[in-house]
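Data block below; observations after.
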Amino acid sequence: MTVSDDGLRPAPNANDSESLLPRRDFLRIAGLGAGAVLGGVVPGPFTAPAEAASSAAFVRRRSDAGHTVVIGAGIWGCSTALELCQRGERVTIIDIYGPANSRATSGDETRGIRSSYGDRGTNSELWTAWARRAIAHWREFDEQYAKEFDTRFFMTTGDIILRTRDEAFLKNTRDVWTKQGVAFDTLDQDEVRKRWPLINPDGITVGVYEPDAGVARARHATQATAAIAKRMGATFITGRATPGPLTGGRMQYVTLDDGTRISGDAFVFSCGPWFGKVFPELLGNRIRIPMGTACYYGTPPGDERFNFPNMPSWNFPGVTGWPALPVDNRGFRVRGGAAPLPTPPNPIKEKLPEPPRPAPPDPNNQDPDLSVRWVGPERLEGSRRLLQQRFPLLADAPLLEIRTCHYESSINRNFIIDRIPGAQNAWIAGLGQAEGFKFAPIAAQYVAQRVLGDEGDPELAKAFAMPTESYSPSGTSGAEDEE
């Protein structure tokens, strides 16, 4: 089968093993820069010219095709399965509810695809480079498959970050972009108002605009990725998988609730917010699974100004969103909210009654099988305030839909792509840090490479290694406690 060069490639020829890239080039090319990222990117520590990209960067070290079992059919699991199928592997995917189900992190309607990661410290360049590759992937995925599925998967909206001052996050982001040759604009308040008159930029002194950023239709893209993997031979099983025992340093099988054992040569666990339940001792106190809520508001009938392509995705402190998208128009999306105005002082100077104590957290909300994916009016007030303050023409827009999902964060704020301790053939791949959707197809290339025996550059492996820190019982890490 011939597949276009969008990161979804056929398995490399066995003879490619003779043309391995030097190890020092792996991080630069295979790990982070295989393929041109987008126009204008210059070679650097995490990028490479297009001609340097080669299937030799992803070499099958196994002598024969094997059977990999992927646990989890979210976007990471489905992308990994597809990548393995492209490389000639036989793949079985197991998920308790199925691809893009309502409980899944990747089951929401939309996800932003941007590369502004100046807040990631030593990982900022890595995340930015992978995000730029992800933008290119999602654009090509849409070009290749949108017509076949009679829909759209990705729209280039551009993304504008708006701040009251030029903070470190913006400066670091611009520095990384400049180093990697990424196109961007730095705007003042007047220019923001001129370009997007429906956004109220009062108090804003700086806007940073990434024109190549966009928005993906998450649920549909996940389902399409699953369908393509299935067409390429992947087998899907609905069920809950429990890791099997390790024998001689290898996992032999996973067990379904009905006792069925699914054996394989390798196992990849991409379990999303279920990681803590699947590996309670290993990951239970190294990860958190908070919930985020996105609200979709109805735009005025017949008014296209709040719809793609007339409005960019946008980012105010603590709040992100984007325009209503074509095809199904779920609405104008807002995640997060604006804080209430300060309470004026009490002129009577008498002691006011103490506010009621908040109800204790429901332990079920830390369980992705049992958590309630709905919020009350008090949780929606900040979202409405944001519209009133920044998009006044939508101040009274009807709320059409609420989407609430768990996302996973590790204590070191980075992905985990590493072997399960003691297992040579079993992997953990995930912990998206509320950003994982965009990276899934690029991460899947790296996961597949590791599963098939190419260890790659040790620096990249170190970046995604199992964290050694743990959260303290109060919810913070030991390192933070020490500070």
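Computed from the coordinates by the stated procedures, all read-outs in this text should not be read as laboratory data. Computed from a predicted model, the values in this text were never measured in an experiment. Cβ atoms come from the backbone with ideal geometry, glycine included; neighbour counts cover every protein chain shown.
Assorted remarks:
- Percent RCO, i.e. relative contact order, over the stretch 205-326, from Cα pairs under 8 Å lying at least 6 residues apart: 12 percent
- Projected label distance in nm at Arg413 and Leu370, using a 7 Å step from Cα toward the beta-carbon: 3.2 nm
- Rg to Rh quotient for the stretch 370-447, alpha carbon positions, Kirkwood Rh: 1.17
- Put in order of Cβ neighbour count within 10 Å, fewest first, the listed residues Asp188, Asp95, Asp257 become Asp257, Asp188, Asp95.
- Of Lys230/Lys438; Lys230/Lys462; Lys147/Lys194; Lys277/Lys438; Lys171/Lys194, those spanning more than 29 Å from alpha-carbon to alpha-carbon: Lys230/Lys462; Lys147/Lys194
- Stretch gain in nm, segment Arg231-Lys147, where the contour uses 0.36 nm per residue and the Cα spacing is subtracted: 28.6 nm
- Remark: Phe279, Phe332 ranked as Phe279, Phe332, counting other beta-carbon atoms within 10 Å and listing the fewest first.
- Our Cα-only numbers for the stretch 223-320 put the radius of gyration and Dmax at 21.1, 65 Å.
- Here Trp374, Trp322, Trp76 are placed in order of increasing Cβ neighbour count within 10 Å, fewest first, which gives Trp374, Trp322, Trp76.
- With a simple spin-label model that places each label point 7 Å from the Cα along the Cα-to-Cβ direction, the separation between Gln388 and Tyr97 comes to 3.3 nm.
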